[in-house]
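Structure, as structure tokens:
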Amino acid sequence: LISLNFFSQAELWAPLGYEQSLPYACRTCRHLRAIGRIKSGVSLEQARAELKAISANMVRDHPQDYSSAEVSLVRLQDRFTGKVRPALILLLGAVGLVLLIACSNLANLLLVRASGRQKEMAIRAAMGASRARLLRQTLTESLTLALLGAGVGLLMALWGVELLAAFSPDSKLHLGAAAIDGRVLGFTLGVSVAAGLLFGLAPGLQNSRIDLNAVLKQGGRSSLGGANRRLRSLLVVAEIALALVLLVGAGLLVKSFLRLLDVDTGFDTRNLLTLSVSALGDRYDDESRLLAFHREILDRIKNLPGVERAGLASDLPLGGDFDQTGLHIEERPLANPADAPSPQRYGISLDYLETMRIPLLRGRSFTETDGPRAPLVVLINETLASRFWPDEDPLGKRVKLGGPDGPWRTIVGVVGDVRHAGLDGPGEMQVYAPEAQGASPFVFLVIRSSNDPTALTGSIRREVWAVDSEQPIYNVATMQQLVSRSVAQRQFTMLILGVFACVALLMAAVGIYGLISYSVTQRTHELGLRMALGARRRDVLSLVIRQGMTLAGVGLAVGLGASLLVTRLVAGLLYGVSATDPGTFALTSLLLGGVALLACYVPARRATKVEPVEALRYE
């Protein structure tokens, strides 16, 4: 299935690359949209090329109608998932980084375990076990561990999928339809096997390369060689670097989200209830009856206790819909009417601007005198005024809405900009017309209350149905809920990545703690000797902490370099924040460094409590 957008009509359905199609037109915009199914054997690129040739022929054959003809053709699946795909890829990458950190931790733990089994492996080798046999044994153990973990993970996932669906903006991410099926099980099995091989390879190679004479002479003492110590240190460095990448990414998304919440919507969202009302039926084909229906509804609602103001509009900011119309300016004729700008259009009642608290910047608002038989008037927003009248006053100028054959309307006022499509969208041109000069049967009511607006829902329903009990009421929500829905996808992505970052931070802390703790155990004899020769406890503390923080410093340096590269990939998900924001990089580095310092301090503190006499006897 494919989705198409173009400026023409039936002519574009000539190509033979489509076996069926379903066109539909927007109510007020000039674009035609359609859904079609490509025939077997016809590629998407072939269909695009054919449509491009047809649109070019249209421009050539009908220059008076088309100054240009652009056709966009995309897969329907891409239209559904295109906007959320970057967020999903980001989350998949975060899962991969957490998996690598977990593998590094497990590899470290298995290396420690392998050092304790050196004598066992030496005896096996002395009895005839080959290096391949010892490697297979270690890998088998690690694979068993990985598969057991995968099984537990799948059980948790059955609950986790429902939790994700409950907290996700389902309308965009469609997580409500997510389920654990055969593909998920197969992918989990493959990842588990790969992870088992990954974190079991290092200890397996260590076990298969045992020096029999050296191990058997140790009399049971276990130790790690220099190469293995370096490997463990390298794994910890990698954990810290990967954790920093996740922390920086989560920090950027958090800062971006906070910036987004600070965006001025252009109206006051507090204590504002919104709902949709339709006027269906033949009796409302008469515009005077439609206006009377809306007027009576507003009068009844305004008299309810707790209601401060009430108004209505044909469209609602952040409501998910749009209504665009052509704009033709007097004394600025266009060679082709199709090139006219398309501002957002609102048909509003007299009290709408005051209810929304959209500021009037110049001129006047609508009044009772702007009725059906009065001269047609409009209000424009500041963005539209600054674009077409940057150095002059737009008041008194005349425009046409829709096609070039419509009536002239006089601009009587300029109002502030409002965010319509979303908080992160660019400034949009907007034009307002009085409802009395063009009513719509589908409107949004906005009611401002002195307290919790949701408490008025039942009373408002009763008042609307008291006027006409057959009309539907739907889309009931507070304006703050609409604002939350508009940023729900960003919030969900931020929360999930934040959870992964916290998990990564915890695992990195465990990794460095484990390394330093094991190092302290291995160096007990050395540390006791140092203290016996006069070393102070703070010298030992400093020595141990310095060892761990050196690794942490290297990991932070590597992580900062990796973050500078990786965060550029999430630049499209940010708002008002640079992908290389120095404040975020510095804060997350300090946070991870502080956690690493704490993870080093605990085993270092334990090392200072070692009694020299006992340490000298330690084996």
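A few points about this structure:
- Amide H to amide H, with H built 1.01 Å from N, residue 473 comes under 5 Å of no residue 5 or more places away or on another chain.
- Here's how it looks for residue 362: its modeled amide H is under 5 Å from those of 414, which are all 5 or more places away or on a different chain.
- Cα gyration tensor shape of region 255-339, rounded if a/c is under 1.5, else prolate or oblate by comparing a/b with b/c: oblate
- Taking region 384-440 and dividing mean pair separation by its residue count, relative contact order in percent (alpha carbons under 8 Å, at least six apart): 26 percent
- Size of electric dipole in region 455-611: Cβ of Lys, Arg +1 and of Asp, Glu -1, about Cα centre, debye, nearest 20: 840 debye
- Couplings 3J(HN,Hα) of region 140-156, computed from phi: 5, 5, 5, 5, 4, 4, 5, 5, 4, x, 5, x, 5, x, 5, 4, 5 Hz, in residue order, whole Hz [Karplus 6.51 cos²θ - 1.76 cosθ + 1.60, θ = phi - 60°; x for Gly and Pro].
- Placing +1 on the Cβ of every Lys and Arg and -1 on the Cβ of every Asp and Glu, with nothing else charged, gives region 354-459 a dipole about its Cα centre of roughly 220 debye.
- Overall form of region 256-395 per C-alpha gyration tensor (a/c, 1.5; a/b vs b/c): oblate
- Proximal charge balance of residue 401 [Cβ under 9 Å; K/R count +1, D/E count -1]: +3
- Straight Cα distances below 15 angstrom link residue 397 to the aspartates and glutamates 330, 331, 382, with same-chain residues fewer than 8 positions distant left out.
- Cα shape, region 371-524, gyration tensor, a/c 1.5 rule: oblate
- Kirkwood-Stokes translational diffusion coefficient of region 442-525, alpha-carbon pairs, 25 °C, 0.890 mPa s, µm²/s: 134 µm²/s
- Residue 97 sits with roughly 40 Å² accessible to a 1.4 Å probe, with DNA, RNA and ligands left out of the calculation.
- Amide H within-cut-off set for residue 347, under 5 Å, with H built and near neighbours excluded: 314, 315, 433
- Computed 3J(HN,Hα) for region 97-108, one whole-Hz value per residue from the Karplus formula 6.51 cos²θ - 1.76 cosθ + 1.60 where θ = phi - 60°, is 5, 5, 4, 5, 5, 4, 4, 4, 4, 5, 4, 4, glycine and proline marked x.
The values are calculated or read from the model by the stated rules, or taken from the named source; none is laboratory data. Source: prediction; values computed, not measured. A quick note on method: Cβ atoms are made from the backbone with ideal geometry, for glycine too, and the neighbour counts reach across all protein chains shown. Remember, those area values only see protein heavy atoms, side chains included, never the ligands or the DNA or RNA. Shrake-Rupley method; radii C 1.70, N 1.55, O 1.52, S 1.80 Å.
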